[in-house]
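A short write-up of the structure that comes next.
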Amino acid sequence: MTVKVCALVAPGADAVVQVARGLGETVALRVGPPGAADEAPLRRALALGAARAVRVWDPALQRADYLGLASALAATVRHLGCGLVVAGDRGHGLMGPTVAERLDLPHLCGVLGAAWIETPDGPRLRVRRRIRAGVQELRGAAAAVLCVLGDSAADAPVALADAAAASIEALELEQLGLRPAELVQRRGALSPMRGGDGLHPRPLVLPSTRALLERLRRDGLLRR
Amino acid sequence: MANLLVLIEIAGGAVVQSSLEVLGQARRLATSLGATVYALLPLPDAPAYGEHDAMAACARHGADKVVLLTDEALTAESEMRFGTHGRAVLSACEQLPPTLLMMAATPGARDLAPRVAARLGALYVPAGLVSGSTGSLRLYDEAGQPLLDEDGDAVLEHVVVLTVAAGRYDVAEGRDEAEMVIASAPPAPRDFVEERLTLSPGLALVGAASAAQVAVSEAVLVVTAGAPVPPDVCAGVTVALGPAAALDARAHFAVVADDGASAASELLALLDEAAPGEAVTAGGQP
């Protein structure tokens, strides 16, 4: 059985493609306009072994918030027939859980790795993830959205010669059964105002490393 | 009257300190704006009032009402995530429609909060700040920049799910009692089952040349020794050590010390003393 896995790619997220390739035939997917900036992560995914690369775009998506973008990604995942999605868990880690919500699939954040295991009920995922206490291993669903930790902003060098020639498939919203107006519903979405009267967060200053230790204990970061 | 809901996280049988800080800010907002503060407290069973320290802590630190979330999934795993706590939290939101749902920005919240926001069709503000000093709720991103809508207004037209980093607010103190409410969610099949937990705190040490490091993006605790907090911290608590530690806006906690590297060594020694035999020194995986 070959599982089709959708990898939601972004710059500096090689781990997403690597985890996805370990789980099945990988389709790299990104929302973005035509052009080098948004196609570079897709080409990199192809260089790392993804079987296909797909870019979905409509000018209306420029005004979509996270719900609209997730709806576009979820519709594309369904269109591609992928039962498993791997996303990055960097920055604020928003898109993976929201895509999972749109797909009505379970999700896990903080993922370090995943593999298939055979069970009496068929193939299941075994997932390692980072939690506050340590590294947790979970067994469960065969269809899910896994949000992978790791990687840095700088991509390690990879030979891109073959990937440069590979084609990136482009999809439009109409091909996915979506109307642009459906994705740009929210009025009143918040965005940072530059130069406004803001706050100036500062750290909580503790008097000693022992006081810091006690605070870490009260935050549940120490078990004793 | 607006509902301010605060999800309280439990670790080691006690309320996590940063949850109490968020509760404190909710209390101050409610007092300014005329709102009701509900502390959502996940407990395996429904104890009588006064029998559980966590309920008393919520009442003492700002809750008008303590909502006991009872669901067998809540204690099925070592820490909360959407798969264990989401159903109960959403059930509470259905019973008590929130203007603002707040929780501490922990790894568990990172899994839970965005999905709850998506389910509610809410605005999601990660690691942000909120004030009510002007008579209305004002939101800020983690850098303190105000968040405004397309018209340049800060008036909220949508439900907001907000996570707050540790150390940003003071705990509210008081002797008030709080009404207890029980909210239960219908049982549902589990998506994943915890098979194993390997204790390992996931410490990343930045700026101390002699210390091994785990990737900052995977660390739960990031300690900087005389260096600024790096940009790719995802879900960790950040600690700045050194002469200028108090000025690092990205840090959650700071200890001012003449020598950051020495302070870091001292902290590592204390951590090892606190949890002997565990992989307390820098290392994210056993």
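Using a 4.7 Å Cβ-Cβ cutoff, the cysteines of the protein assembly as shown lacking any partner cysteine are B:Cys58, B:Cys93, B:Cys234. The convex hull around the C-alpha trace of the protein assembly as shown, projected and averaged over every direction, spans 24.1 square nanometres. B:Tyr38 sits with roughly 20 Å² accessible to a 1.4 Å probe, with DNA, RNA and ligands left out of the calculation.
Given springs between every Cα pair under 10 Å in a Gaussian network model of chain B, which of B:Ala235, B:Ala254, B:Ala39 has the largest fluctuation? Per the Cα network of chain B with a 10 Å cutoff, B:Ala254 tops the list. Among B:Leu112, B:Leu33, B:Leu247, the largest mean-square fluctuation in a Gaussian network model of chain B, built with springs joining Cα atoms closer than 10 Å, belongs to B:Leu247. Assuming charge only on the beta carbon of Lys and Arg (+1) and of Asp and Glu (-1), the dipole of the protein assembly as shown about its Cα centre is about 420 debye to the nearest 20.
Normalised by residue number, the volume inside the convex hull of the Cα atoms of the stretch B:213-257 is 59 Å³ per residue.
This model, with +1 at the C-beta of Lys and Arg and -1 at the C-beta of Asp and Glu, gives chain A a dipole about its Cα centre of some 1100 debye.
With a ≥ b ≥ c taken as the square roots of the eigenvalues of the C-alpha gyration tensor of the stretch A:1-53, please select rounded if a/c is under 1.5 and otherwise prolate if a/b is larger than b/c or oblate if it is not? Note, shape of the stretch A:1-53 comes out prolate. Across the options A:Ala50, A:Gly35, A:Ala64, the greatest Cα extent toward the positive end of the charge dipole of the stretch A:35-77 (unit charges at beta carbon of Lys, Arg, Asp, Glu) belongs to A:Ala50.
Taking square-rooted eigenvalues a ≥ b ≥ c of the alpha carbon gyration tensor, is the stretch A:31-133 rounded, prolate or oblate, where a/c under 1.5 means rounded and, failing that, a/b exceeding b/c means prolate?
Prolate, since a/c reaches 1.5 and a/b exceeds b/c.
The residue among B:Phe82, B:Gly34, B:Pro126 whose Cα reaches farthest toward the positive pole of the charge dipole of the stretch B:24-148, with charges on the beta-carbon of Lys, Arg, Asp and Glu, is B:Gly34. Within the shell defined by Cβ-Cβ distances under 12 Å, the residues around A:Ser208 carry a net charge of 0, with Lys and Arg each +1 and Asp and Glu each -1. For the stretch B:1-98, the fraction of alpha-carbon pairs lying more than 19 Å apart is 38 percent, rounded to a whole number.
For the stretch B:232-275, the calculated P(r) over all alpha carbon pairs, in 5 Å bins from 0 to the bin holding the longest distance, is 5, 23, 23, 25, 17, 6, 0 percent.
Helices from chain B with mean Kyte-Doolittle at least -1.0 and a Cα length along the axis of 18 Å or more, per DSSP H: which? Membrane-span-like by this rule: B:17-33, B:107-120, B:260-274. Within the stretch A:1-152, antiparallel bridges make up roughly 40 percent of the DSSP beta bridges whose residues both belong there.
Legend: residues B:Met180, B:Met80, sorted from most to least accessible area (1.4 Å probe; ligands, DNA and RNA excluded), read B:Met180, B:Met80. Expressed to the nearest 5 percent, the antiparallel share of DSSP beta bridges inside the stretch B:1-89 is 15 percent.
Entry comment: accessible area of the protein assembly as shown is 40 Å² per residue, from protein heavy atoms only and a probe of 1.4 Å. Here the convex hull built on the C-alpha positions of chain B has a volume of 145 cubic angstrom per residue. In order along the stretch A:120-127, the phi-based Karplus estimate (6.51 cos²θ - 1.76 cosθ + 1.60, θ = phi - 60°) of 3J(HN,Hα) comes to x, 8, x, x, 9, 8, 10, 10 Hz; Gly and Pro are listed as x. At the residue level, A:Glu137 shows approximately 30 square angstrom of accessible surface with a 1.4 angstrom probe and all protein chains present.
Using only the heavy atoms of the protein chains and a 1.4 Å probe, how would B:Ser184, B:Ser131 rank by accessible area, largest first?
Listed by decreasing accessible area, they come as B:Ser184, B:Ser131.
Taking a ≥ b ≥ c as the square roots of the eigenvalues of the alpha-carbon gyration tensor, chain A is classed oblate because a/c is 1.5 or more while a/b is no larger than b/c. Computed over the stretch B:169-256, the P(r) curve from all C-alpha pair distances, binned at 5 Å from the origin, holds 3, 12, 16, 14, 11, 8, 11, 12, 9, 4, 1 percent per bin. Charges were assigned to the Cβ only: +1 to each Lys and Arg, -1 to each Asp and Glu. The resulting dipole of the stretch B:30-182 about its Cα centre is roughly 140 debye.
Among A:Arg202, A:Arg90, A:Arg52, the largest mean-square fluctuation in a Gaussian network model of chain A (Cα springs under 10 Å) belongs to A:Arg202.
Structural descriptor for chain B: relative contact order 17 percent, calculated from alpha carbon pairs under 8 angstrom and at least 6 residues apart.
The values are calculated or read from the model by the stated rules, or taken from the named source; none is laboratory data. Source: prediction; values computed, not measured. Positions of Cβ are backbone-derived with ideal geometry, glycine not excepted, and every protein chain shown enters the neighbour counts. Note: areas computed on protein heavy atoms with side chains; ligands, DNA, RNA excluded. Shrake-Rupley method; radii C 1.70, N 1.55, O 1.52, S 1.80 Å.
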